[in-house]
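Engineer: Pasting a structure here, questions to come.
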Amino acid sequence: MEDVARLAGVSLVTVSRVLNTPDAVTPATRQAVMAAVRRIGYVPNLTAGALAGSRSRIIAAIVPTIANSIFADTIQGLSDRLEGAGYTILLGQTGYDAQREKALVTAMLGRRPDALMLVGAPLSAATGRMLTAAGIPIVQTWEMMRRPIDHVVGFSNAAAGRVVAEHFVARGYRRIRFVGGADARSKARREGFEATLAAAGVAPPPAITVPSPGMVAHGRDAVSRILDDGQPVDAVFLSTDVLAIGALLECQRRGVTVPQRLAIAGFGDQDLAREMVPPLTTVRISGLEIGSRAADLLLAAVAGKPSGAQRIDLGVQLIARATT
């Protein structure tokens, strides 16, 4: 830092301001300091800065998996907002495993992030207690839980199941199945789906549960079981687009016409869903907006702007396409 200050012809304090609060420095001074930084190849010691000050400029983000493009969209939305404000994201994925989540939270909190974003509710009570005791702003996403730790940005997974059930019933389908993962969000979609069917006088057979995160192969296997078990079926709701795409591909492999023989619906409205032939009926949510709205809440909280706990429900939308 002394070398940067000497080359730029400014004080150490000015270099520190350029690196930490650039808006507090004139554009000309900022340009001179950053030119010196580039010429020397200086990399600030962020750990030392965090120890000396009150902020680490790090936001922790924990998702189930980045293999699912929707969660990747959430991280993209978060990153677009935070990086523009000078923050770095510390990213971890749990694989839907409670012990792995606890280890991640422990490691991340040990690095003193200024705030944290989490998909859903903690997978264990111990992790929940750890997060509550951390004393940093926290935004939970993808669920509208009743008792959040702090802020919530998401939608009702039960509502996602409800709109698919209403769509199936309106189209005249009565022999209906559900395929989904063992995670809490998939279970909530199933509950909303089955409750709506029951209200319409439709009693589907038991759901088929697949591993989380669901893969294309899991959707293939699930629809194979449905087609082979001998029970009449004319529509299937799969709890993610990835599973639904697997089911559609298996129907095509077998020569099962969609939707004439079997209607298929998914969840997430991923890019590939609309490119399938036929294009996939699905439930649209915006992972990108979830991330950006979560970032806005975290930035406001870190800046000390009083707002109280916020609950932002972004809602869901059924996108009816040719598979139903």
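Quick note: the coordinates plus some simple rules give every number you see, no bench work behind them. All values reported here derive from a predicted model rather than from experimental measurement. No Cβ is skipped: glycine too gets one built from the backbone with ideal geometry, and neighbour counts run over all protein chains shown.
Engineer: Kindly rank 156-162, 134-140, 199-205, 315-321 from highest to lowest mean number of other beta carbons found within 10 Å of each residue.
Structural biologist: Top to bottom by mean Cβ count within 10 Å: 156-162, 134-140, 315-321, 199-205.
Engineer: I need the peptides 24-32, 189-197 ranked by packing, meaning the mean over residues of other C-beta atoms within 10 angstrom, with the highest value on top.
Structural biologist: The peptides rank, most packed first, as 189-197, 24-32.
Engineer: So how tilted is helix 27-40 from the main axis of the chain? Cα-based, degrees 0 to 90, rounded to 10.
Structural biologist: 80
Engineer: Quick one: plug the Kirkwood hydrodynamic radius of region 152-272 (C-alpha pairs) into Stokes-Einstein at 37 °C, 0.692 mPa s, and report D in µm²/s.
Structural biologist: 233
Engineer: Would you please give the FRET efficiency between Ala182 and Gln260, computed as 1/(1 + (r/R0)^6) with r the Cβ-Cβ distance and R0 = 41 Å, to the nearest 0.05?
Structural biologist: Working: r = 32 Å, r/R0 = 0.77.
Approximately 0.80, to the nearest 0.05.
Engineer: Using alpha carbons only, how many angstrom separate the centre of region 118-158 from the centre of region 169-211?
Structural biologist: 26
Engineer: Test of understanding: ordering Glu101, Glu143, Glu83 by Cβ neighbours within 10 Å, fewest first, what list do you get? Intermediate results must be reported in sequence, preceding the final value.
Structural biologist: Values: Glu101 23, Glu143 20, Glu83 13.
Fewest-to-most ranking of Glu101, Glu143, Glu83: Glu83, Glu143, Glu101.
Engineer: Treat the count of other C-beta atoms within 10 Å as a stand-in for reagent exposure and order Ile290, Ile285, Ile312, Ile40 from fewest to most.
Structural biologist: Ascending number of Cβ neighbours within 10 Å: Ile40, Ile312, Ile285, Ile290.
Engineer: Apply the a/c threshold of 1.5 to the C-alpha gyration tensor of region 75-117 and tell me whether it is rounded, prolate or oblate. Please report the intermediate quantities before stating the final value.
Structural biologist: Working: a/c = 3.84, a/b = 1.68, b/c = 2.28.
Taking the square roots of the gyration eigenvalues as a ≥ b ≥ c, region 75-117 is oblate.
Engineer: Right, next: Net charge around Gly154, counting only other residues with Cβ within less than 11 Å of its Cβ (Lys, Arg = +1; Asp, Glu = -1)?
Structural biologist: 0
Engineer: With +1 on each Lys and Arg Cβ and -1 on each Asp and Glu Cβ, how big is the dipole of the chain about its Cα centre, in debye rounded to the nearest 20?
Structural biologist: Using only the charged Cβ atoms, the result is roughly 220 debye.
Engineer: Return the tail of the calculated pair distribution for the chain, meaning the percent of Cα-Cα pairs more than 34 Å apart.
Structural biologist: 36
Engineer: Would you be so kind as to identify which of Ala103, Pro113, Ala35 lies farthest towards the positive end of the dipole of region 1-133, taking Lys and Arg as +1 and Asp and Glu as -1 on Cβ and the Cα centre as origin?
Structural biologist: With unit charges placed on the Cβ atoms, the residue in question is Ala35.
Engineer: Exposure proxy check: Glu2, Glu166, Glu250 ranked by fewest other beta carbons within 10 Å?
Structural biologist: Ranked by crowding around the Cβ, least crowded first: Glu2, Glu166, Glu250.
Engineer: List residues of region 1-32, by number, whose backbone nitrogen lies under 11 Å from a label position 7 Å along Cα→C-beta of Arg38.
Structural biologist: Within reach of a label on Arg38, which here means backbone N under 11 Å from a point 7 Å along Cα→Cβ, region 1-32 contributes 31-32.
Engineer: On a full-extension model of 0.36 nm per residue, what is the gain between Arg112 and Ala200, subtracting their alpha-carbon distance, rounded to one decimal in nm?
Structural biologist: 26.6 nm
Engineer: Starting from the Cα of Ala133, step 7 Å along the direction of its Cβ; do the same at Glu166; then give the gap between the two resulting points in nm.
Structural biologist: Placing both labels 7 Å beyond Cα along the Cβ direction yields 4.4 nm.
Engineer: With each pseudo-label sitting 7 Å past Cα toward Cβ, what's the Ala98-Glu83 distance in nm, one decimal?
Structural biologist: A separation of 3.6 nm, rounded to one decimal place.
Engineer: Once R0 is set to 51 Å, what does the formula 1/(1 + (r/R0)^6) return for the Cβ-Cβ distance between Arg147 and Ala320, expressed as a FRET efficiency to the nearest 0.05?
Structural biologist: Details: r = 35 Å, r/R0 = 0.68.
FRET efficiency, Arg147 to Ala320: 0.90.
Engineer: Return one number: the angle in degrees, 0 to 90 and rounded to the nearest 10, between the long axis of the Cα atoms of helix 241-254 and the longest principal axis of the Cα atoms of the chain.
Structural biologist: Relative to the chain, helix 241-254 is tipped by roughly 40 degrees.
Engineer: Using a Förster distance of 30 Å, how high is the FRET efficiency between Asn20 and Arg284, based on the Cβ-Cβ distance and rounded to 0.05?
Structural biologist: The value I calculate is 0.15.
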